[in-house]
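Encoded as structure tokens, the structure appears first; notes follow it.
No value in this document is a laboratory result; all are computed from the given coordinates. Keep in mind that what you see is a predicted model, and the values were worked out from it rather than measured. We place every Cβ from the backbone using ideal geometry, glycine too, and count neighbours over all the protein chains shown.
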Amino acid sequence: MNAHIAILGCGFAALTAVRELRRRSPGVRITLVAPKAELMYYPSLIWVPSGLRRGADLHIDVSGFLAEQRVEFHAGRVTGLQDGGRTVLTDSGTQTNDALLIASGGRFLKAMPGIEHALTICEGSSAAEAIRERLATLGGGTIAFGFGTNPKEQGAMRGGPMFELLFGIDTLLRRQGRRERFKLVFFNAAKEPGKRLGDKAVVGLLREMQKRGIATHLGHKLTGFEADKVKTEGGDVPADLILFMPGMSGPAWAADAGLPLSDGGFFQTDTHCQVAGADKVYVAGDSGSYPGPDWLPKQAHIADLQAKAAAENLLLALAGKPPVAHFKPELICIVDTLDRGILVYRDEKRALILPPCRLFHWAKRFFEWQYLRPYRKTRRA
Ligand SMILES: Cc1cc2nc3c(=O)[nH]c(=O)nc-3n(C[C@H](O)[C@H](O)[C@H](O)COP(=O)(O)OP(=O)(O)OC[C@H]3O[C@@H](n4cnc5c(N)ncnc54)[C@H](O)[C@@H]3O)c2cc1C
């Protein structure tokens, strides 16, 4: 088969799709379109404020991996699609394809009034470094932590890393012997934050906050931020430092793609990760809105599962066959506390949380090493 497949993005879903396509079809032509041949390893950003990782450690050059996999790289930012996806428009020219896999991630909503007063770690390594610097210069005071959602698609949120920042900064301040000079407050519009992780997880996370002397401000709709406060319908939370993860939406260019979108602005797919009503256009990872349980996470783990299913179905479509692959709705996350980890797992049958233990902190570090190994091994000199 010498069909030409275009993959948009160079993150978790895109690179997993490369591997899966190459494994299943050694002869297929693949072009990857992204601003840089680089994987941003987001899960370890939570270790930057404590100095366990540097921001630069988490930008992984994948140009050697792409060369090894015989993938052509088109450096550019996608701006839209034409011809039902057969033509990709970028800021550095157009690309045509026989089949398309969209894996260019999501986007954080920054519409909340005063959002510029909050540091948002989802923006990447520079934001994580900025948190580290602010913590180093702050002599004491209140640090407020929270996350939001997309009002049009409640599941489009990312709470896990905020729990990790909260517990990790608590551990760091204790290590530094200055915890008593700080008040840590966790705020959330929901009365039961992290509910998507499962009922037991909410209880476990709130118990951990209580154990660590972390205050909560829960069940009040967020209305905005000022330099020294978080504003909610249930009163203000005074704060010297605000750390906030906004809700998510689909890529900005989705509006110019001519494809069906969900209410929250994500590409709408069917259970085979195919864009509803489009020919040979697939989605994996944070760009998509997928049928499934309401707790379906936006996570690297599920992005990988979706990429495998999308790649298999895409090759079947090129061969004129119907789709067969599905991804398993599954949530696995280790909520790291800098020295321990809380394991949270959920699938359609079970939802469990295991209490903090050192093993899971080391498991998260081991997983990072193992995940990045194939890319580091092929790094270009
Ligand atoms: C702080 C933090 C911690 C996290 N921790 C975990 C964790 O512990 N476990 C977990 O499973 N998940 C975690 N996540 C979530 C996880 O990182 C995401 O779900 C995952 O990155 C989604 O993969 P993706 O491939 O869909 O998108 P991304 O990894 O975001 O990749 C998108 C790619 O598209 C490219 N791109 C963007 N715009 C364009 C464009 N216009 N044209 C072309 N290319 C474009 C980007 O450069 C990037 O290469 C964390 C996220 C954050 C922010």
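Of interest is the spacing of the C-alpha centroids, which for segment 145-183 and segment 316-381 amounts to 21 Å. If both residues of a DSSP beta bridge must be in segment 113-247, then about 35% of such bridges are antiparallel. The GluC sites (Glu not before Pro) of segment 311-351 that meet both conditions, a loop assignment by DSSP and at most 14 other Cβ atoms within 10 Å of the site Cβ, are E348. When shorter helices are ignored and each DSSP H run of at least 4 residues is given -39500 (n - 2.57), the per-residue value for the chain at 222 nm works out to -8500 deg cm²/dmol. The calculated FRET efficiency for R54 paired with D339, based on their beta-carbon distance and R0 = 25 Å, is about 0.85.
Couplings 3J(HN,Hα) of segment 122-127, computed from phi: 5, 6, x, 5, 5, 5 Hz, in residue order, whole Hz [Karplus 6.51 cos²θ - 1.76 cosθ + 1.60, θ = phi - 60°; x for Gly and Pro]. In this label model, I332 and K191 are separated by 3.4 nm, measuring between points 7 Å along each Cα→Cβ vector.
Tally Lys and Arg at +1 and Asp and Glu at -1 over the other residues with C-beta under 12 Å from the C-beta of R24: what net charge comes out?
For residues surrounding R24, the net value is +2.
Ranking A127, I115, T142 by how far each Cα lies toward the positive end of the dipole of segment 29-169 (charges on Cβ) leaves T142 at the top.
Calculate how many DSSP beta bridges within the chain are antiparallel, expressed in % of all such bridges and rounded to the nearest 5.
On the way: 36 of 72 bridges.
Within the chain, antiparallel bridges account for around 50 percent of the total.
A straight chain from T94 to E180 at 0.36 nm per residue would run longer than the Cα-Cα distance by 25.3 nm. Under the convention that each Lys and Arg Cβ holds +1 and each Asp and Glu Cβ holds -1, the size of the dipole of the chain around its Cα centre is about 1280 debye. The slack in the chain from A227 to E123, taken as 0.36 nm per residue of separation less the alpha-carbon distance, amounts to 35.5 nm. Simple point charges give the picture: +1 on the Cβ of Lys and Arg, -1 on the Cβ of Asp and Glu, and for segment 36-172 a dipole about the Cα centre of about 240 debye. Taking the number of Cβ atoms within 10 Å of each Cβ as an exposure proxy, the fewest-first ranking of C333, C357, C10, C122 is C357, C122, C333, C10.
Among the trypsin sites (Lys or Arg not before Pro) within segment 298-381, those in coil by DSSP and having at most 16 neighbouring Cβ atoms inside 10 Å are K349, R350, R379, R380. Working from label points 7 Å from Cα in the Cα-to-Cβ sense, the E68 to L316 distance is 3.0 nm.
Computed from the Cβ-Cβ distance with R0 of 45 Å, the FRET efficiency linking D236 to L354 stands at 0.80. Look at the dipole of segment 113-247 built from charges on Cβ: of G234, G247, L184, the Cα furthest out on the positive end belongs to L184. Counting only Cβ charges, +1 for Lys and Arg and -1 for Asp and Glu, the dipole size of segment 113-247 around its Cα centre is about 520 debye.
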